[in-house]
Amino acid sequence: MDSHKEGDRGSGKQKKVKIVFVIGGPGSGKGTQCKRIAQQFGYTHLSVGELLRQEINSGSETGSMIQKIMKEGKLVPSDVTVRLLQQAMQEMDSDKFLIDGFPRNEENVQTFENLTKMEPEFVLLLDCPQDEMERRLLSRNEGREDDNIETIRKRFKVFMESTLPAVEYYESKGKLRKVDAGKSIDEVFESVKAIFSQGKDNKVRPSRHCCKCLIL
Ligand SMILES: Nc1ncnc2c1ncn2[C@@H]1O[C@H](COP(=O)(O)OP(=O)(O)O)[C@@H](O)[C@H]1O
Ligand SMILES: Nc1ccn([C@@H]2O[C@H](COP(=O)(O)OP(=O)(O)O)[C@@H](O)[C@H]2O)c(=O)n1
Ligand SMILES: [Mg+2]
């Protein structure tokens with residue numbers, strides 16, 4: 001079911017917005033696969049982690065609160081995260097969003113639905129063994145202060161304890177699509193492509209990268 005975006009009430013025209021959530025443990029390959037999906041299927045890729053890091057870089061008070069939480073591998077309060085997400089979606093002239101790294105707990109799920117009145121078309125789960133994720137993160141030299149072994153371990157704990165229960169919510173609604181993300185990038189993308197090609201419009205469109213995600 002497509003989501004309907006708030007707004008355009010004056011014209012009575014409801015803009016249909018298609019949303020897909022992409023979740024998986026830290027290092028499962030969300031960012032890597034999202035870039036390819038955006039390119040191939042014309043989605044605007046919004047990485048929630050990137051939006052939070054941009055808020056940190058803005059030097060705002062909210063940013064320093066976010067930084068403390070991310071350093072601990074904990075989850076930022078959902079109203080903060082969802083507001084940043086809403087802002088980014090409103091700024092982009094797009095009707096197809098790939099939301100990377102969201103939801104990460106049940107509070108994320110409820111807050112998103114309450115504030116946006118939108119639901120995802122489906123949720124893609126990248127399922128990857130923890131030792132493989134750890135190996136990938138330790139060689140991901142993006143200069144992130146949360147990519148140290150101590151914080152990585154905490155993030156894994158958050159994933160197991162908070163994110164997986166949110167996954168079960170979507171599974172119960174028949175909206176979960178799971179792929180084995182432990183294989184090579186190309187092999188994982190083959191499985192991902194099959195899932196996105198099941199949708200109605202298989203047309204390949206020019207990619208619409210969110211400018212925010214290009215600032216890595
Ligand atoms: N299937 C894969 N096999 C090996 N390395 C991968 C794979 N997918 C991603 N990577 C690498 O692992 C690291 C984490 O990938 P990333 O897409 O940032 O994951 P996430 O966004 O889920 O944390 C990056 O250095 C990326 O190049
Ligand atoms: N929905 C979200 C997404 C990210 N985050 C925070 O942002 C951090 C980095 O998220 P990310 O998606 O960039 O991390 P990776 O899984 O890509 O390594 C998380 O560890 C959380 O601290 C959050 O609090 N809530
Ligand atoms: Mg990522």
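Among the conditions (1) surrounded by 19 or more Cβ atoms within 10 Å (Cβ to Cβ); (2) in contact with a Leu (Cβ under 6 Å, 6 or more places away or on another chain); (3) not aliphatic (A, V, I, L, M), Asp147 misses just one, which is (1). Show me the helices (runs of 4 or more DSSP H) entirely contained within the stretch 29-93 in which 1 or more residues are at pLDDT below 95. Passing ranges, in order: 78-91. Of the residues making up the stretch 155-174, those that are exposed (fewer than 13 other Cβ atoms within 10 Å of the Cβ) and touching a residue at least 40 places away in the same chain (Cβ under 8 Å) are Lys157, Pro165. Testing Lys96 on (1) within 16 Å of ligand 3 (Cβ to nearest atom); (2) in contact with a Gly (Cβ under 7 Å, 6 or more places away or on another chain), one condition comes back false. Which one is that? Lys96 satisfies all of (1) within 16 Å of ligand 3 (Cβ to nearest atom); (2) in contact with a Gly (Cβ under 7 Å, 6 or more places away or on another chain) except (1). Taken together, Phe102, Phe159 contain a single residue that is near ligand 2 (Cβ under 9 Å from one of its atoms) and under 13 Å from the mean Cα position of the chain (by Cα), which is Phe102. Taking the numbered list (1) within 9 Å of ligand 2 (Cβ to nearest atom); (2) surrounded by 22 or more Cβ atoms within 10 Å (Cβ to Cβ); (3) not acidic (Asp, Glu) in turn, Leu75 passes all entries but (2).
For the stretch 19-44, filtering for residues that are within 11 Å of ligand 1 (Cβ to nearest atom), surrounded by 22 or more Cβ atoms within 10 Å (Cβ to Cβ) and within 17 Å of Pro103 (Cβ to Cβ) leaves 8.
Figure legend. Inter-residue proximity from the stretch 134-152: first residues free of Cβ contacts under 8 Å to residues at least 40 places away in the same chain, second residues buried (at least 17 other Cβ atoms within 10 Å of the Cβ), beta-carbon distance below 7 Å, spacing 6+ or different chains. Indicated pairs: Asp147/Leu137. Out of curiosity, is Phe97 touching a helix residue (DSSP H, G or I) at 6+ places or on another chain (Cβ under 8 Å), surrounded by 15 or more Cβ atoms within 10 Å (Cβ to Cβ) and in a helix (DSSP H, G or I)? Against the criterion (touching a helix residue (DSSP H, G or I) at 6+ places or on another chain (Cβ under 8 Å), surrounded by 15 or more Cβ atoms within 10 Å (Cβ to Cβ) and in a helix (DSSP H, G or I)), Phe97 does not qualify.
Go through the stretch 105-140 and report how many residues are touching an Asp or Glu at 6+ places or on another chain (Cβ under 8 Å) and more than 13 Å from ligand 2 (Cβ to nearest atom). Result for the stretch 105-140: 7.
Whenever a residue of the stretch 18-38 is under 18 Å from Tyr170 (Cα atoms), its partners that are of a type in the set (D, E, K, R) and more than 9 Å from ligand 1 (Cβ to nearest atom), lying with C-beta atoms within less than 6 angstrom and at least six residues away or across chains, give the pairs Lys18/Asp2; Lys18/Lys96; Lys18/Glu121; Val20/Glu121.
The values are calculated or read from the model by the stated rules, or taken from the named source; none is laboratory data. Worth saying up front: this structure is predicted, and the values here are computed from it rather than measured. Because the Cβ atoms are built from the backbone with ideal geometry, glycine has one as well, and the counts that use them run over all protein chains shown.
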